[in-house]
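Here is the structure we will look at.
Only the coordinates and a few stated rules stand behind these numbers; no lab work does. What you see is a predicted model, and the numbers here were worked out from it, not measured in a lab. Backbone-built Cβ (ideal geometry, glycine too); neighbour counts: all protein chains shown.
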Amino acid sequence: MPSFSLTLINEKKRFYDRFAVFMFVINAAAIIVFFFARGRKMLSDVTGGITLLLLVIALLVYINSPRTTKRKYYFLFATFFTALYWLLLGYWWVGSLTIVLAALYLIAQQKPEVTVTEEHIRYPAFPPARFSWTQLNNIILKDGLLTIDLKNNRLIQQTVDEKISSVNEPIFNEFCQQQLQAHKG
């Protein structure tokens, strides 16, 4: 059973990275303000001091580490501790929001990969979309641009990352045309 896997270019990845760093800096600044401006309570002193230390360590590791997947995990580890700090202080809504944003960041960092099989096409949306061949008018790959034309007048066009995906365009297009003809209703 032939299948094709096409990795798409995530054109918003840079924005997601910058937004995540921005949210981390806002959290760090708020923690520093809370640590120094609040009355001296044991919980706030101990967790604030530990969190402040972890923030500094995470920032240094993040700045000094090369752009790898490990860098992302250091960042998420530090974000987890900022959320834990807010939860321990009783600001559950800030901690919960931080956890939700970190989860969305993790989802956004996944490689967007389209899988085309004899049964269906799986498209990397949130939640992942699965299109049967009967839902399609056409699907074509031309000059690194994947076009999925759905019968409900929806058109999806995405650039394929040709550094990662090495799909022979004529073979892929022939396979897709065969599947469209076989599933014509």
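Numbers for the structure displayed
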| quantity | calculated |
| --- | --- |
| Relative exposure of Thr98, Thr147, judged by other C-beta atoms within 10 Å (fewest first) | Thr147, Thr98 |
| Which of Glu113, Glu119 has the fewest Cβ neighbours within 10 Å, and the rest in rising order | Glu119, Glu113 |
| Segment 114-182: Cα Rg divided by the 2.2 N^0.38 Å rule of thumb | 1.04 |
| Cα-projected label distance for Leu180 with Lys151, points at 7 Å along beta-carbon direction, nm | 1.4 nm |
| Entries in Lys13/Lys151; Lys142/Lys163; Lys111/Lys184; Lys13/Lys111; Lys13/Lys142; Lys12/Lys72 that, when Cα-Cα distance is taken, lie over 20 Å | Lys13/Lys151; Lys111/Lys184; Lys13/Lys142 |
| His183, His120 arranged by Cβ crowding within 10 Å, fewest neighbours leading | His183, His120 |
| Rounded to whole Hz, the Karplus (6.51, -1.76, 1.60) HN-Hα couplings of segment 172-179, x for glycine and proline | 4, 5, 5, 4, 5, 5, 4, 5 |
